[in-house]
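Peer 1: Take a look at the following structure, please.
The values are calculated or read from the model by the stated rules, or taken from the named source; none is laboratory data. What you see is a predicted model; the values in this text were computed from it and never measured. Counting neighbours? That spans all protein chains shown, and the Cβs are built from the backbone with ideal geometry, glycine included. Heavy atoms of the whole protein, side chains included, go into the accessibility calculation; ligands, DNA and RNA do not. Shrake-Rupley method; radii C 1.70, N 1.55, O 1.52, S 1.80 Å.
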Amino acid sequence: MVTKVQKVNPEDFSKEELKEACDILKNGGLVAFPTETVYGLGGDALNPFAASKIYKAKGRPSDNPLIVHIADMEDLYKVADGITENGLKLAKTFWPGPLTLIFKKKEIVPSSVTGGLLTVAVRMPAHAVARELIRQSGVYIAAPSANISGRPSPVRAEHVIEDLDGRIDMVIDGGSAGIGIESSIVDVSGADPVILRPGYITKAMLEKVAESVYTDPVIESRVIRKDIAAKAPGMKYRHYAPKGELVIVEGDIQKVTAKINMLAEEKEKKGCKTAVIATNETKDKYKCSIVKSIGSRKHEASIAAGLYDILREMDYLGAQYIYSESFDNDILGGAVMNRMIKAAAYHIVQA
């Protein structure tokens, strides 16, 4: 299979530029496309054959649910059943945007899309290209991140091509994704909203709209939980991982820098290619030969936006061992740590 690349300007594009991509989706093919979070790998959400192709292209476990992307509020009623008051309030407040909501599913949604669950994850993206692709193709788009399962999510078309060239029909290159981490996921199929994956839409933001918002304890777990049923993407298995061994070091920042310097020096003395993930505020404190800043602690959004870029850069540099500072679990820090802990396969060291 030859993977075509269609470049578009998200601020100024025509329907004609998306025509071939729409035809591919209508015919059960796969198209990677930009969203405001990361790039998604899209297929017709109501076509079980297309869903199976997504799992095959990514090498994704079949019990890991996909997210159904819609373009308009009325689409929600086509795929979701028993829509709760909290679910509707959250949708009306945060859609279009980086929030995925889990509802009970309509029979029209294949079980292959929902990982065998009786619920369906739904999102209305804010990205102009994504919304137009859904409307123009006439299909709801099932779309996980457009990467090989377990690898860092793609925030640029080059990342998609690196992982999926020859596995999918087309990549729509719309430049860099803005937020850089996946959507928040909230289960609204029951009485109270439950956060299943933290993201740009934080618990504090959700609580301004809906009462009694809870966080699933699996999110805060520091061990791999393969015994659970994955109610949402990203709850099970190792995710977002670079090829090298990633270790997170927690504690007081002065002790963290000292501990990372010690660990990195030990590996470099053994001839291992070693790297450090630091911040703008700390990068000059490290002695390792490879030190990269993920962003500034004064601007958490820069750390979120830089996460997957820096993990992929570690692969380009051939880093065998990677040591990273930890980040506070406030605002976006919790979302960043959720991804980093999975990328590190729960390997955390206390300084």
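Peer 1: Find the accessible area per residue for the chain; the probe is 1.4 Å, ligands and nucleic acids are left out, and the unit is Å². Before the final figure, lay out each step's value.
Peer 2: Numbers: 14350 Å² over 351 residues.
That works out to 41 Å² per residue.
Peer 1: Let me ask another. Quick one: grab Rg to one decimal and Dmax as a whole number for the range 36-184, Cα atoms only, in Å.
Peer 2: According to the Cα coordinates of the range 36-184, Rg and Dmax are 14.3, 44 Å.
Peer 1: Sticking with this structure for a sec: Measure nothing fancy, just the Cα-based angle from helix 128-137's long axis to the longest principal axis of the chain, in degrees from 0 to 90, nearest 10.
Peer 2: Around 30 degrees separate the two axes.
Peer 1: Report in % the part of the accessible area of the chain that belongs to carbon and sulfur, leaving out ligands and nucleic acids; probe 1.4 Å. Walk me through the intermediate numbers first.
Peer 2: On the way: 7120 of 14350 Å².
Carbon-and-sulfur percentage of accessible area, whole number: 50.
Peer 1: Now for a separate question. Mind checking which of F94, I253, C288 is farthest towards the positive end of the chain's charge dipole, using Cβ charges of +1 (Lys, Arg) and -1 (Asp, Glu) about the Cα centre?
Peer 2: Toward the positive end, the furthest listed residue is C288.
Peer 1: For the range 181-224, what are Rg and Dmax over the alpha carbons, in angstrom?
Peer 2: 10.5, 32
Peer 1: What 222 nm value per residue comes from the helices of the chain, counting each DSSP H run with n ≥ 4 as -39,500 (n - 2.57) and dividing by all residues, nearest 500 deg cm²/dmol?
Peer 2: Taken over the chain, the calculation gives -9500 deg cm²/dmol.
Peer 1: Over the chain, calculate the relative contact order: mean separation of alpha carbon pairs under 8 Å at least 6 apart, over the residue count, as a percent. Don't jump to the answer; show the numbers that get you there.
Peer 2: Values: 817 pairs, mean separation 68.4, N = 351.
RCO, the chain: 19 percent.
Peer 1: Can you tell me the 0 to 90 degree angle between the C-alpha axis of helix 48-58 and the longest principal axis of the chain, rounded to 10?
Peer 2: 10
Peer 1: With every protein chain left in place, what is the accessible area of T3 in Å² (1.4 Å probe, nearest 10)?
Peer 2: Answer for T3: close to 20 Å² accessible.
Peer 1: Summarise the long-distance tail of P(r) for the range 135-214 by giving the % of C-alpha pairs beyond 14 Å. Can you show the working numbers first?
Peer 2: Working: 2252 of 3160 pairs.
Summing the P(r) of the range 135-214 above 14 Å gives 71 percent of all pairs.
Peer 1: Among the aspartates and glutamates, which have Cα under 17 Å from the Cα of K292 when same-chain residues fewer than 8 positions away are ignored?
Peer 2: Leaving aside aspartates and glutamates fewer than 8 places away in the same chain, those within reach of K292 are E245, E265, E268, E281, D284, E300, D309, E313, D315, E325.
Peer 1: Right, something else. Can you give the convex hull volume of the alpha carbon atoms of the range 1-101 per residue, in Å³?
Peer 2: Looking at the range 1-101, the number lands at 133 Å³ per residue.
Peer 1: Order Y214, Y286, Y200 by their accessible area, 1.4 angstrom probe, all chains in place, largest first.
Peer 2: Numbers: Y214 120, Y286 20, Y200 100 Å².
These residues rank, largest area first, as Y214, Y200, Y286.
Peer 1: Also, quick follow-up: Computed on alpha carbon atoms, what radius of gyration and Dmax characterise the range 303-351, expressed in Å?
Peer 2: 11.1, 32
Peer 1: Mean shadow of the chain, computed from the convex hull of its alpha carbons, in nm²? Before the final figure, lay out each step's value.
Peer 2: Details: hull surface 67.7 nm².
It is 16.9 nm².
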